[in-house]
1. Given Cβ point charges of +1 (Lys, Arg) and -1 (Asp, Glu) and nothing else, what value in debye, to the nearest 20, does the dipole of the range A:386-446 about its Cα centre take?
2. In nm, what is the difference between 0.36 nm times the number of residues separating B:Leu23 and B:His164 and their Cα-Cα distance?
3. What residues of the range A:227-249 lie in the reach of a label at B:Arg207, counting those whose backbone N is under 19 Å from a point 7 Å from the Cα along Cα→Cβ?
4. In Å, what Kirkwood hydrodynamic radius results for the range A:386-446 from the alpha-carbon pair distances?
5. What spacing in nm lies between the two simple spin-label points modelled at A:Gln311 and B:Ala235, each 7 Å away from Cα in the Cβ direction?
6. Across the residues of A:384-393, average count of Cβ atoms on other protein chains within 10 Å?
7. Translational diffusion coefficient, Stokes-Einstein: compute it for chain A using the Kirkwood radius over C-alpha pairs as Rh, at 4 °C and 1.567 mPa s, and state it as an integer in µm² s⁻¹.
8. Cβ under 11 Å from B:Val36's Cβ, B:Val36 left aside: what net charge do those residues give with Lys, Arg +1 and Asp, Glu -1?
Amino acid sequence: MVSSAIPGTGRFARGLHPDDKKSISAGAGIEVLPTPKSVLIPLLQHIGAPCEPAVKPRAEVRLGQAVGEAKAFVSAPVHASIDGKTAAATVTTLPNGRHVAAIPITAAEEQSLSGQALWEDIYGGQWPTDGLGSFDPEQIVTAVRSAGLVGMGGAAFPTHVKLTPNEKRPVDTLVVNGCECEPYLTADHRLMLEAPAPIITGALLAARAAGAERIIVAIEDNKPDAAEAMAAAAEGTPVQVAIVQTRYPMGGERQLIPAVLGREVPTGGLPLDVGVVVVNVATAAAIARAVIRGKPLTHRVVSVTGEGINQPKNLLVPLGASYAELVAFCGGLADSAGRVIAGGPMMGFALAELDVPVTKGTSGVVVLTEEQLRRAEQTACLRCGRCVDVCPAGLVPTKIALAARHQDWETARRYYLTACFECGCCAYVCPANIPLVQLIRTGKATMPKE
Amino acid sequence: MPVAPGPHIGTGRTTRRVMIDVLLGLVPVFAAACWVFGWYALMQVGICVASCLAAEALFTAMRRRPVSLGDFSAVVTGVILGLSMPWRCPVHVDVVASFVAIGVGKVIFGGLGHNIFNPAMVGRAFVTIAFPALLGAGGYLYTGSGTPPTDVVTAATPMTVAKHLAAGKAGQVAGLWPLFLGNVNGSLGETSALACLVGGLYLCIRRTAAWQIPLGAVLAVAVIAGVGNLLHPQAQWTVLHHLLGGALLYGAFFIATDPVTSPLTPRGKFIFGAGMGALVMVIRTYSGYPEGVQFSVLLMNATVPLLNRWTVPRPVGGPVPAPKAQA
Ligand code: SF4
Ligand code: SF4
C-alpha cells in the first residue's frame, strides 16, 4: 500500500512543470550493455579528493578489483568494471569540464560476468529485509566506503560521509529519493520497477547506519507504477512509500525535505542540520549490494533517450564505458540530433565529443534535436520577474546573474549568490534568453572569498 | 558537436513573443476604441506606431546600436501611447509624443530593458504639459459646426464632469453601464472597462502581465474611494464610477504592467500597483487634472529601485549565514 501519511504537503514553493517526456523511454525494460572492448575509469567521479592509482599499467584486473584508492575521508575508491588489462593512466575531460586522470582497461576475451548473469549478480536474487540488525552501523559504513559508493542521482557526493553518524546532529529520518524530476530520465523509474527489493534492503541498511528511525521513499506522482512496486517490496518493513507532486526540481534535497517532512534546510547547511539523510534509489540498491554481497559499485543504470536517438533504451552499463558505445547500442544518433547531454536537460552538460566515460553520477544521456534547442538571441533583461516567480530557492536570479556579470560582488552577496543551487529554472523561463545559470556559476567561481 | 550551457530546453517564449502577447491583449481595447470613435482610433494609433518605429530606428542608429525593431517593443509603445490620446489630437502632437517617448523615455537610458520610466507615459506626460489646451478637457470635445463623427464626443468626459461636480458645479454623471461598455467620451483606449478587463485578464492569465499590479491598483482605488463614499454618502460619483471611469483599468492592466519599469518581486509588484492606485485617487481628488494615471505611473516608476530593494524575498532556508570564524 502506498502510504500518504507524511508530515509534509508533498509540494514545495515555485519551481516548474516542464513537459516530462518520460514516455520516450519509460516503457523500455533495462537491457544489459554487452561488455565493451575497453573502458576508461576516471580516478575522480565524485565530489571530493581524487583517488590514487592502485594498479600498475598492464596489470590483469578482475571485475570489482579496486583500481583507485581513496586516501582522504571525502573521497571514494574506483573499481574495474570489466575483466581485462590496464594501460598507462591518461587524462580525460568529464562532461562538466574537469580534467581528470583515468585508467584505461582493455577487456579480456573471457568475461566472468555478462548479460543476464551480470544482472542477476547485481540486482537479482533474494534481498533480506529481516535480521539486518546483525550488521552494526560501523560495518555498514565501512562496506559502503570501500565499495566506492557516491550519490547516483547526479551530485556524486561520497555516501559513507552522509551515513557516518554525527553526535551533534542526530538523524531521525532517511528519505530515499525516487523523484527523478529531470525531464526525460527514466533510469530510477525502471530500477524501482525491476529491482525494488535491493532498494528496500539498502534503505533499511542506510537508516541503520545513520541512526534514522523513519524511512520514506519519495516518488513523484507521474510514476504510480513505481510507487506500487516499491510499496509491494516494502510490505512488512517499516519503509513508507510517499507520493509527492511532479514538479521540477522536486529531487533536489532542499525541495524534497520540505515537501516530505515540512522541514526547511538552512541556507548554507545540510539536510543533516534538520535530522535528515537523503539517498537516491540507485544508491540505496548499491548500498544493499555492498553490504549484503560485498560487491563494489561497478555498474549503473543509464537512460539513453530523447527525440534525437534512434532507439531509446535504459541500459545497465559498466562505469567507464564511453557515451559513444551507449549511443551506438541505441541505434545511433538520428539525423535531427542537435545536442548530446550527459544528465538531464535542465542540469546536464552538453558533450563536445562522445568519447567520454560514463561515471557513477551519470543518470542519463539525452539527445535533443536541433529544433528543440534554445536558439533565440539574447536581449536585455526585461525585468519581468519570471525568474523570481520560479526560483525554488526564493532568490532574485536576474539581480544575482547581472551582478555576477559585472563582478559587482556586493550586490551579488546582498542577493545571496551562494544560495543558488543551479537548478536552471530561471534560465528555462527567461524570455530574454539570458544564460542566468552560467553567469551565476561563473560568479560563484570568481567571487573573492570574504 | 557544439556545446552550450544548460538548461538545454526552454519555454520558447522570447522577448518578441512577450511583446506580441501584449499586442494581442490590446486587441479588445483597440476594437472598443474603433467602435466608439470610428476611424479616429485607427488614425491616432497608426500615427503613433509609425512615429515610434521611426523614432526607434533613428535614435538607435544615432547611438550606433543595432536597430531592433524586430522585438516589437516600439510597436507596443506606439499602440499604448496612441490609445491614451484624445480622438481629435492633432498629428504633430502624436509625433512629438512618440519621439519623446522613444527618445527620452527609452533610448537615452540605453534602450529596452534599461529605461526607468514607462516610455509611453513619458511621451504622454510631455505633451500634456506642452500642449495643455489640446490634451485638457477641451481637447476631447467636438467643437465643429456640422454633425459630430460620433455622439459621445459632444459631451464632456466623465472625469471632467466628476471634477465639476466636486467643485460644486452642475453636471450629468455618466451611467455605470456606458462606463462599463465604453460609449462615453475620453482617451481612445480608456472608455471601455469591459475591453480593458478582457484584454487585461488575458495578459494576466498568460502571465505576460503580473496580476499583482492591477490587483493592487484596483484594491487601492476601491478602498480609498469606498472611504470617501462613506464620508460623503450623497456623492453621485461612487466607488464603481472611480473603478470603471477614466483610465484606471487601462493604466493598471496595460501601462503599469510594463515589466521593465515595474518591480521584480511579487510583493514589490503589489505595492507598486497599490501605490499607483492611491496616487490616482490623490490626483483625481486634489489636483487640477481630472485624471492622474500617467503621472501616477511615472511617480511609481521612480520608486521601483527602492521597492526592489525592500522586497528582496527571504531565501528558502533563511539568509546566507555570515562566515563563521573557525573555532
Ligand atoms: S526572466 Fe529574464 S528577462 Fe525576466 S527578469 Fe528574469 S532575467 Fe530578466
Ligand atoms: S538556478 Fe539558482 S537562481 Fe536560478 S532558479 Fe535555480 S536556484 Fe534560483
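Just so you know, all these numbers are worked out from the coordinates, no wet-lab data involved. Not measured: the values here are computed from a predicted model. FYI the Cβ positions are ideal-geometry reconstructions off the backbone, even for glycines, and counts take in every protein chain you see.
1. Values: 7 positive and 4 negative charges, 13 e Å.
That gives a dipole near 60 debye.
2. Separation in residues times 0.36 nm, less the Cα-Cα distance, equals 47.2 nm.
3. Answer for the range A:227-249: A:245-249.
4. Working: mean 1/r = 0.0914 Å⁻¹.
Taking every pair of different Cα atoms in the range A:386-446, averaging 1/r and inverting gives 10.9 Å.
5. Placing both labels 7 Å along Cα→Cβ, they lie 7.7 nm apart.
6. Values: counts 14, 12, 8, 1, 10, 5, 0, 3, 1, 4.
That works out to 6 on average.
7. On the way: Rh = 22.3 Å.
Answer from the Stokes-Einstein relation: 58 µm²/s.
8. Working: positive: none; negative: B:Asp151, B:Glu190.
Net charge in that neighbourhood comes out at -2.
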